């Protein structure tokens, strides 16, 4: 249950009043003064399932460029209203699934730029992963996956690709590439330094991440399709974060190992696997978000969003097909 508050200029009061009546919402109305101008203020209890539709309809009637016009939505801890309960039941039965746009904006916004906490977590995960890789210890590698913060930025990238926010998409991809480059660089630095102290074996855990097959392409796409579904359904990130981290973190670390040991087959094999997983993860999540109906609020932005997401899906699909051909020929 939510509380919807709308402030509008006096000449738009009747439009909002009619709209709330059409939605069968009861409301309280009062007048407020904003910078010496009399405005109308509406307050209404509204079922969660109706919030998206109500905001979309209100946006068609009012101009948010005017400072007097505002829309606020607040969470309600508890309420007692059989009328609102009947409205909610009717909406659940008749309405399509809501567009979780605002929630996804809040969830992904913090990942649209690189911050030191994400970087530090990635570096910690790299150190743990290196220990597991060189000790040939699967449990330790899984521990690194738990620390790795890679799911959030990938989901943010897919969300911005889906809703056509190109600048944020580019900024998020730069953040992801910086995180991966940091993992590779730290892995190479630690491996290079350690190679002067002890003999570093190429364990089965390392060899496993230096070989790319067509199966890996499918795994990458499926993994973050699950990540996209978890994002829309508000499932805790940790449930699918391990899978995404398992795809990206270890091969990125092995790329650094191959670089430090000047082992070309190890370096290029792990780098190819990292790129395949990155493209597959971003593509899978974007397709899932689009399939779940995620789109911008304003109607005039939806066409641009569909166009941009289509460009992205086609481009990354072509890249993935090219990589599949290369992998197939290399394996053959």
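The values are calculated or read from the model by the stated rules, or taken from the named source; none is laboratory data. Everything quoted here is computed from the prediction, not taken from an experiment. Glycine gets a Cβ as well: all are built from the backbone with ideal geometry, and neighbour counts include every protein chain shown.
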Of the listed residues (313, 318, 257, 327), the one being more than 19 Å from the chain's Cα centre (by Cα), modelled with pLDDT of 75 or more, in a helix (DSSP H, G or I) and more than 27 Å from residue 138 (Cβ to Cβ) is 318
When residue 211 is run through (1) more than 21 Å from residue 149 (Cβ to Cβ); (2) in contact with a helix residue (DSSP H, G or I) (Cβ under 7 Å, 6 or more places away or on another chain); (3) modelled with pLDDT of 90 or more, the failure sits at (3)
Residue 51 - would you say it is in contact with a strand residue (DSSP E or B) (Cβ under 6 Å, 6 or more places away or on another chain), closer than 30 Å to residue 304 by Cα and at pLDDT below 85?
yes
Scanning segment 99-117 for residues that are part of a helix (DSSP H, G or I) and modelled with pLDDT under 85 gives 101, 102, 103, 104, 105, 106, 107, 108, 109
Of the listed residues (223, 239, 231, 186), the one being at pLDDT below 90 and within 22 Å of residue 115 (Cα to Cα) is 231
- Query: Can we say residue 24 is in contact (Cβ under 8 Å) with a residue 40 or more places away in the chain, under 21 Å from residue 1 (Cβ atoms) and assigned to a loop (DSSP other than H, G, I, E, B)?
  - Reply: yes
Q: Tell me, yes or no, whether segment 292-301 has at least one residue that is more than 17 Å from residue 108 (Cα to Cα), at pLDDT 80 or above and in a helix (DSSP H, G or I).
A: no
